[in-house]
Every structure is written in structure tokens, then in C-alpha cells.
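Here is the structure we will look at, set down as C-alpha cells.
Quick note: the coordinates plus some simple rules give every number you see, no bench work behind them. The shown structure was predicted, so the numbers you read here are calculated from the model rather than taken from an experiment. Here Cβ is always computed from backbone atoms with ideal geometry, including for glycine, and neighbour counts include all displayed protein chains.
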Amino acid sequence: MLETRDLTIRFGGHVAVNAVSCAFAPGTLTAIVGPNGAGKTTYFNLISGQLKASKGQVLLGGRELSGLSVPERARAGLGRAFQLTNLFPQLTVQENVRLAVQATQQGKHRRGLNLWSIWSEHADLIAKADTILASVSLRDRADTPVASLPHGDQRKLEVALLMALEPQVYMFDEPTAGMSHDEAPVILNLIRELKKDQTKIILLVEHKMDVVRELADRIIVLTNGTLVADGAPAEVIASPVVQEAYLGVVQEEAA
């Protein structure tokens, strides 16, 4: 279980996230929606550690994460896609995923595996990396430097790296933003596949209500940093607060 308890952040006199308490269970995809400036991305940043809370707690499996850095929270099981794309921009797509796979295995087994060791000695890790690349339709870009990838392929690589790290919690912030109509279904299909693993928690910030309706098991709504609705998609979408303030006006939020 992932929990936030009275999670709050203030910027001067402005309360951007206001005492949000919420629990997220394994096997559930929760969509976080709200109008521009509602605090969705800020809430994400507090959970993953990009921002330090003014008050409150973040817990995963009962473990307090609030005092941990971003890398420490990642090792604890929190995975956020966007933070991974700058891993090694001058290396190839394949090299990036291989390193992520190897780092994950090293963390699991606590073995003294040199990240820069000869890859031919670790055929199982190479095979896993190639399988992940194939699953995100990037196998044909394996030898392309990450820095030269078009935007759509960068988003695919984000998901590939996240999958390689095998987190307990998958956090997606506008996963199809900037992608073409033809590219977006690849990412959405990947999220559908991840949903099949009932041991994982998935959080999704999304402004496209058709995507939310299709993927979400649960919706929470933020406005002015406050949690104002929480429940099953049909129930929340039909609620007066969403009908009056959000339905049809939910927009992409700036980070």
C-alpha cells in the first residue's frame, strides 16, 4: 500500500497541496485529475521526492519515505517515468536499458557486478533488455543515441527504463503528451499490460478523459491542492463537483 498522510507543501503564502491523505492499493490504477494548476504534478513531485513536503508523510508498505531522496525512493520501489530519460543521453537506447536492467539485478542480489563489465558475459541481462525494447517497439532503434531520439520514442524509452527497474509503484505524468495519434496507443497498451500485474500500484496524471475512463479503476480529483472527490470512475465523473468544474475543462498541467 502506498499512502500519503496530510501531505502539504507551501510556496510562500500559497498552499499548492493541502493536507492530502490518500491510500493506493496494489492491483489498482488511479487517475489523478483536475484543472490546470490544481496541484496534480506537485502532488506527484511530493510522492516521488522532487519536492520536499512542508508537512505530512509518504509511506510505502508501511515504510516512511518522507526523508528519502529521489534515488532512495526509487530503490524503495517508487518509479516515475520522466525522471529516467536523462540517464545516459549519449549512450544508445540499448545501452541505457541494459544498464537499467543490470543495476536492478545488482540491487536485488547485492553482488559486485561492474556496470561497465563486458556485456557478452551477461547474456541473460542482455536478453531481458532486448525483450523490454521489443515490448515498447524500440528494437529497431536499439543503436540510436538517446539524445537524438524524437519525442515519441523518448516517451517509449521512459517506459522501457521504468519496466527495467521493476518498481512497486508506476507513476505516469501525462504519458502521451506530445505524442502523435499513431504513437500514443503504444504507451497506452503498455500501461494496460502493466495493469495485469496485480502486485503493482499505478498512478496516472492525465487530462484526456477518454483515456481516464478506459484505464482507471479509480479517480481522485484535486482542486487548488485539495482532494475534493475520490471513487469509481463513473461515480466521480457524474458527481456535481466534476460536472461543474472539471468535465470538459480538464487541461494538461505544467510541471
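Remarks
- For region 153-215 versus region 5-80, the gap between their alpha-carbon centres in whole angstrom: 19 Å
- In plain terms, the residue of ASP130, ASP173, ASP140 with the fewest other Cβ atoms within 10 Å comes first and the most crowded comes last, giving ASP140, ASP130, ASP173.
- Förster-model FRET efficiency, 35 Å R0, SER21 and PHE88, C-beta, rounded to 0.05: 0.40
- Taking other residues whose beta carbon is less than 14 angstrom from the beta carbon of SER21, and scoring Lys, Arg as +1 and Asp, Glu as -1, yields -1.
- Other-chain or far-sequence residues with amide H under 5 Å of THR226's (modelled H): ASN18
- Whole-Hz ³J(HN,Hα) from phi, Karplus 6.51 cos²θ - 1.76 cosθ + 1.60, for region 37-50, glycine and proline x: x, 6, x, 4, 5, 4, 4, 4, 5, 5, 5, 7, x, 5
- Antiparallel %, DSSP beta bridges [both residues in the chain], to 5: 55 percent
- Listed values for region 176-190 are Karplus-derived 3J(HN,Hα) couplings in whole Hz (6.51 cos²θ - 1.76 cosθ + 1.60, θ = phi - 60°), namely 9, 4, x, 8, 6, 4, 7, 7, 4, x, 4, 5, 5, 5, 5, and x replaces Gly and Pro.
- Computed from Cα positions, the angle between helix 93-109 and the longest principal axis of the chain comes to roughly 80 degrees.
- Ranked list, fewest to most other Cβ atoms within 10 Å of each Cβ, for HIS207, HIS151: HIS151, HIS207
- Computed over the chain, relative contact order equals 31 percent, with contacts defined as Cα pairs under 8 Å that lie 6+ residues apart.
- Computed on the chain, the Cα convex hull volume stands at 128 Å³ per residue.
- From least to most packed, judged by other beta carbons within 10 angstrom and beginning with the fewest, LEU68, LEU162 follow the order LEU68, LEU162.
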